[in-house]
Amino acid sequence: MAAARQEGVGGTVSPVDLHTHSTASDGALAPAALVELAGARGLRVLGLTDHDTTAGLAEARAAAGPLGLRLVPGVELSTHVEAGEVHVLGYFVDPAHPDLVAALARFREAREDRAGRIVERLRAAGAPIAYERVLAFAGGGSIGRPHVARALIEAGHATSIGDAFERYLVRGRPGYVERYRLTPPDAVRLVRTAGGVPVLAHPHSAADLAALLPELVAAGLGGLECYYGDYDEPRKRELLALAARHDLVPTGGTDFHGPGIHQRPLGGTPVPLASVAALEARRAG
């Protein structure tokens, strides 16, 4: 399926972007500002999928209404596998569902603990930063390594977010700390319990996708992110075939974190409008 395209501010954009982040997690724009940018660029549907939090959804929903923009409530859950990490997107979740609220509270506590341990390791490695500055960069949102990276830049220990990650924050570097994660099937089941549709995010980053996917389908997976970021056409075709084989809805988006970050403009990845209706049809209940 080819996505419909239209001209918006800053160039040709897709009418749909189902994978975005705000300052509620590690994005650069507040939820309302993200929605305003989506409206300015001519998007019709925006999915807000902050990492391990739904804290930005109310603000985003309030901003979307006057613009006639449809907001798809979402979340991106971090999960653990032996060979790395897997992310599960949840669409149309009920942010007030008690099981989801409890799980996200556990994520929040674990993120705060992890950030403190990272700061301690950086100090021991000769790159001291203040934990208070990390909190300030998080701005009350879900704390992540990008906020630590900004503190490292401010303190003169790195020249860019990419440099900070490469020198200090990725696995094998002095500031890396493992984080709390669910298993991928647990994340899929949690999204289903909260009334949503679970989707495997950026599947080509998942280790051993061939073995993982059937396990997730059995747990209730509803979609596969086939139109992601800068995936090329051969990769998209491969993933679309995989989605069809497992009866999964093909979804997608830019993984937008802010202007100039990852070089993916909002709406810059073509996603079919039909994906939204197909996702909604898979909602629990």
Strands (runs of 3 or more DSSP E) wholly inside segment 33-98 that include at least 1 residues being aromatic (Phe, Trp, Tyr) and in contact with a helix residue (DSSP H, G or I) (Cβ under 6 Å, 6 or more places away or on another chain): 84-91
Residue satisfying condition, being surrounded by 15 or more Cβ atoms within 10 Å (Cβ to Cβ), at pLDDT below 95, within 30 Å of GLU233 (Cβ to Cβ) and within 20 Å of the chain's Cα centre (by Cα), within set ASP52, ASP17, ASP26: ASP26
Pairs, first in contact (Cβ under 8 Å) with a residue 12 or more places away in the chain in segment 105-119, second surrounded by fewer than 21 Cβ atoms within 10 Å (Cβ to Cβ) and part of a helix (DSSP H, G or I), C-beta under 9 Å, six or more apart: GLU112/LEU135; ALA115/TYR131; ALA115/LEU135; GLY116/TYR131; VAL119/TYR131
Any hit, segment 212-226, residues being within 18 Å of LEU48 (Cα to Cα) and aliphatic (A, V, I, L, M): yes
Yes/no for GLU120 being within 23 Å of VAL177 (Cα to Cα), touching a Ser or Thr at 6+ places or on another chain (Cβ under 8 Å) and surrounded by fewer than 20 Cβ atoms within 10 Å (Cβ to Cβ): no
Strands (runs of 3 or more DSSP E) fully within segment 168-285 counting 3 or more residues that are on the phi > 0 side of the Ramachandran plot and of a type in the set (A, V, I, L, M, F, W, C): none
Residue check, GLY156 in a loop (DSSP other than H, G, I, E, B), without any contact (Cβ under 8 Å) to a residue 12 or more places away in the chain and surrounded by fewer than 19 Cβ atoms within 10 Å (Cβ to Cβ): yes
Among residues of segment 135-151, those that are aromatic (Phe, Trp, Tyr) and within 19 Å of THR54 (Cβ to Cβ), counted: 0
Any pair with Cβ under 7 angstrom, 6 or more apart, that starts in segment 195-210 at a residue that is free of Cβ contacts under 8 Å to residues at least 40 places away in the same chain and ends at one that is hydrophobic (A, V, I, L, M, F, W, C) and not in a strand (DSSP E or B): PRO203/LEU209; PRO203/LEU239
Considering residues of segment 224-262 that are β-branched (Val, Ile, Thr) and in contact with a Gly (Cβ under 7 Å, 6 or more places away or on another chain) only, the residue surrounded by the most Cβ atoms within 10 Å (Cβ to Cβ): THR251
Some residue of segment 169-179 being under 27 Å from VAL276 (Cα atoms), of a type outside the set (S, T, N, Q) and touching a strand residue (DSSP E or B) at 6+ places or on another chain (Cβ under 8 Å): no
Sole residue being closer than 16 Å to HIS80 by Cα and of a type in the set (Val, Ile, Thr), chosen from THR183, THR193, THR251: THR183
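The values are calculated or read from the model by the stated rules, or taken from the named source; none is laboratory data. Note that the structure is a prediction, hence the values are computed from the model and not measured. Don't worry about glycine lacking a Cβ; one is built from the backbone with ideal geometry, like all the others, and counts go over all protein chains shown.
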